[in-house]
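The next block holds one structure in the form of structure tokens; read it before the comments.
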Amino acid sequence: MIILDTSAVTALAAGHRALVRLADNAAASPFRHLSVPALCLLSAEVESQGAGTFALALPAVEIEPLDSAAAVTVAAMVRDGIGAQDISHALYCALPTGSRGTMHMILTDQEHHYPPGTITVHIDDPRLLG
């Protein structure tokens, strides 16, 4: 799974070429999808009016909810200085779980906001153009 953080959602809504292509490819694939943590969706909409609505309209985008367990864990991450609420929610969504043994990749233009060991790919990475 590929996670789009706030910066990636904002860039996608602004027409970022590689991200638009990625979203189109994901929509055409039965296996790949793009995930947007709810707090990243909220932050993108606050930063750029319409960015959240744009992301919601894409068929390949799934929103990762902030359920009660996620809310408590994300709050602890923020309190412990891991990052802002949206960054911490993206990291929470990327972490391995009992049903998923590996970490997911986060697409971002703010790799420096994530702690060491987080799998991040910059939105301008040439590999995204395929």
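Take the conditions within 16 Å of the chain's Cα centre (by Cα), under 17 Å from ALA11 (Cα atoms) and of a type in the set (Val, Ile, Thr) and apply them to THR118. Does it pass? Steps first, answer last, please.
Working: within 16 Å of the chain's Cα centre (by Cα): yes; under 17 Å from ALA11 (Cα atoms): no; of a type in the set (Val, Ile, Thr): yes.
No, not satisfied.
Right, LEU66: among the hydrophobic types (A, V, I, L, M, F, W, C), open to solvent by 30 Å² or more (accessible area, probe 1.4 Å) and in contact (Cβ under 8 Å) with a residue 24 or more places away in the chain or not?
For LEU66, the condition - among the hydrophobic types (A, V, I, L, M, F, W, C), open to solvent by 30 Å² or more (accessible area, probe 1.4 Å) and in contact (Cβ under 8 Å) with a residue 24 or more places away in the chain - is met.
Collect the residues in segment 112-129 that are surrounded by 15 or more Cβ atoms within 10 Å (Cβ to Cβ) and closer than 18 Å to LEU39 by Cβ, keeping them in residue-number order.
Answer for segment 112-129, where residues must be surrounded by 15 or more Cβ atoms within 10 Å (Cβ to Cβ) and closer than 18 Å to LEU39 by Cβ: HIS113, TYR114, THR118, THR120.
Out of (1) free of Cβ contacts under 8 Å to residues at least 60 places away in the same chain; (2) closer than 18 Å to GLN110 by Cβ; (3) open to solvent by less than 80 Å² (accessible area, probe 1.4 Å), the odd one out for VAL46 is which?
It is condition (3) that VAL46 fails.
So in segment 69-83, with the set limited to residues that are small (Gly, Ala, Ser) and in a helix (DSSP H, G or I), which one is surrounded by the most Cβ atoms within 10 Å (Cβ to Cβ)?
Only one residue fits best here, namely ALA70.
Counting only residues that are within 11 Å of the chain's Cα centre (by Cα) and closer than 14 Å to PRO65 by Cα, which one in segment 84-98 is surrounded by the most Cβ atoms within 10 Å (Cβ to Cβ)?
The selected residue is ALA90.
If we keep just the residues of segment 99-111 that are assigned to a loop (DSSP other than H, G, I, E, B) and under 24 Å from ILE123 (Cβ atoms), which is least open to solvent (accessible area, probe 1.4 Å)?
Our first condition is that a residue be assigned to a loop (DSSP other than H, G, I, E, B); within segment 99-111, this holds for 99-104, 109-110.
Then drop every residue that is not under 24 Å from ILE123 (Cβ atoms), which leaves 100, 102-104, 109-110.
Numbers: ARG100: 54, THR102: 91, MET103: 46, HIS104: 21, ASP109: 66, GLN110: 66 Å².
Ranking the candidates gives HIS104 first.
The values are calculated or read from the model by the stated rules, or taken from the named source; none is laboratory data. Not measured: the values here are computed from a predicted model. Every residue, glycine as well, gets a Cβ built from its backbone with ideal geometry; the counts of neighbours run over all protein chains shown. These area figures cover heavy atoms from the full protein model, side chains too; ligands, DNA and RNA do not enter into them. Shrake-Rupley method; radii C 1.70, N 1.55, O 1.52, S 1.80 Å.
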